[in-house]
Amino acid sequence: MIKIKHFLDNVERDDGRRIWAEPIGLTADLREWCNIHHLICHVAPPRELWEWYQGHPEQYDRFRARYHEWLHKSPYKPALQQLACAAAKENITLLHQEDSPTENSAMALYEFLSELEAYCPPES
């Protein structure tokens, strides 16, 4: 299961692996304080697209479409497929820094991973 949370939200027992899904890095202190296990900045939205969205938060649908297109063409798509399949077996929490709980980088990544999940082999 994949959860989406703001990185400052409380850590819960069922969060599983907590993954930072933004293109900007974090200091070691902040990673530890927020209990962030992984940074996946290389599959976060490209910095230019992310900065554009910061100035146009009303354009989430356009941001998401461009990000999904980038992810689809990305060399990291096989790794994202593995992450999608892992999420079917374990809890993963994607963390973002936006004000909106529904229109952010983590949600856009979650939506892409949800589409990839359809291609996961069935559990035996």
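The values are calculated or read from the model by the stated rules, or taken from the named source; none is laboratory data. Please read all numbers here as calculations on a predicted model, not as lab measurements. Cβ sites come from the backbone with ideal geometry, for glycine too, and all protein chains shown count toward neighbours. The protein model used for the area step is the full one, side chains on, heavy atoms only, and it has no ligands, DNA or RNA in it. Shrake-Rupley method; radii C 1.70, N 1.55, O 1.52, S 1.80 Å.
For the chain, the Cys residues with no second cysteine's beta carbon closer than 4.7 Å are C34, C41. For V43, the solvent-accessible surface with a 1.4 Å probe is about 10 Å², rounded to the nearest 10.
Cross-link partners of K73 among lysines, defined as those whose alpha carbon lies under 25 angstrom from its own and excluding same-chain residues fewer than eight positions apart: K3. Per residue, the average separation of C-alpha pairs within less than 8 Å and at least 6 apart gives the range 7-124 a relative contact order of 33 percent. By accessible area, using a 1.4 Å probe on protein heavy atoms only, the chain has 50% of its surface on carbon and sulfur.
The residues of the chain have, on average, 58 Å² of accessible surface per residue, using a 1.4 Å probe with all protein chains present. When nucleic acids and ligands are ignored and a 1.4 Å probe is applied, I2 ends up with an accessible area of around 30 Å². The stretch between S74 and H37 holds 11.0 nm of extra length on full extension. This uses 0.36 nm per residue minus the Cα-Cα distance.
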